[in-house]
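For reference, the structure I am asking about is given below.
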Amino acid sequence: MSKAMKHFVAPIAAVLMVISCCAFAATSEKFGKGGWIQDFQPEIDRANASGELFRIRGHCQSNCTLFLGLKNVCVERSATLLFHAGHDRNRNISATSTNRMLSAYNASLRQHLLDNHYMDTLAFHAISGAAIIDKFGYRECPRK
């Protein structure tokens, strides 16, 4: 392949890799309303095993926020993430569930949630996707 052809083909190949990566990325959409860990763990395991990009988009509450712990996660600026204490099926706050959730978050987000007592109650505390990116250092999703 000629030098001129390499300069033409390389950028096209790079664009195609980005498109193929992101066009088929999994999203948090069907998990946005939260739920029980056994409903989330298979998707967390699948996403981590595949290494594919996983987009947090739209409304993402409760256990949906566990996707922040994925190896290859990004957050859309327009997303809204809602945090609260972990609990059992009787809505009793559970330190084990709360700690499992906290362990999925990076250190700066975890500290913010603890400092502001977001994980002490069952009340929802919203943080915008833009803040998750700008304030807590999560990766912004590439534009489609």
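Computed from the coordinates by the stated procedures, all read-outs in this text should not be read as laboratory data. Model, not experiment: these values are computed from the prediction. We place every Cβ from the backbone using ideal geometry, glycine too, and count neighbours over all the protein chains shown.
For labels at residue 107 and residue 93 in the simple 7 Å Cα→Cβ model, what's the distance in nm?
2.6
Then there's this: Each label point is 7 Å from the Cα along the Cα-to-Cβ direction; what then is the distance between the points at residue 139 and residue 126, in nm?
It works out to 2.7 nm between the two label points.
Here is a further query. Over region 26-144, what is the relative contact order in whole percent, taking alpha-carbon pairs under 8 Å and six or more residues apart?
Computed over region 26-144, the figure is 25 percent.
Another question, if that's okay. In terms of modelled amide H atoms, which long-range or inter-chain residues lie less than 5 Å from the amide H of residue 80?
Amide H neighbours of residue 80: 58, 59, 60, 129.
Something else about it: Under 15 Å Cα to Cα from residue 30, which aspartates and glutamates show up? Leave out anything in the same chain fewer than 8 places away.
Once the sequence-local aspartates and glutamates are set aside, what remains near residue 30 is 39, 43.
So, by mean Cβ neighbours within 10 angstrom, what's the order for 121-132, 87-98, 32-43, 68-79 with the highest one leading?
68-79, 121-132, 32-43, 87-98
Next up: Scan around residue 140 for amide H atoms under 5 Å from its own, H built in the peptide plane at 1.01 Å from N, and keep only partners 5 or more places away or cross-chain.
Residues meeting the amide H criterion: 75.
Okay, next question. Suppose R0 equals 25 Å; then what is the FRET efficiency for residue 100 and residue 29 from their Cβ-Cβ distance, rounded to the nearest 0.05?
0.65
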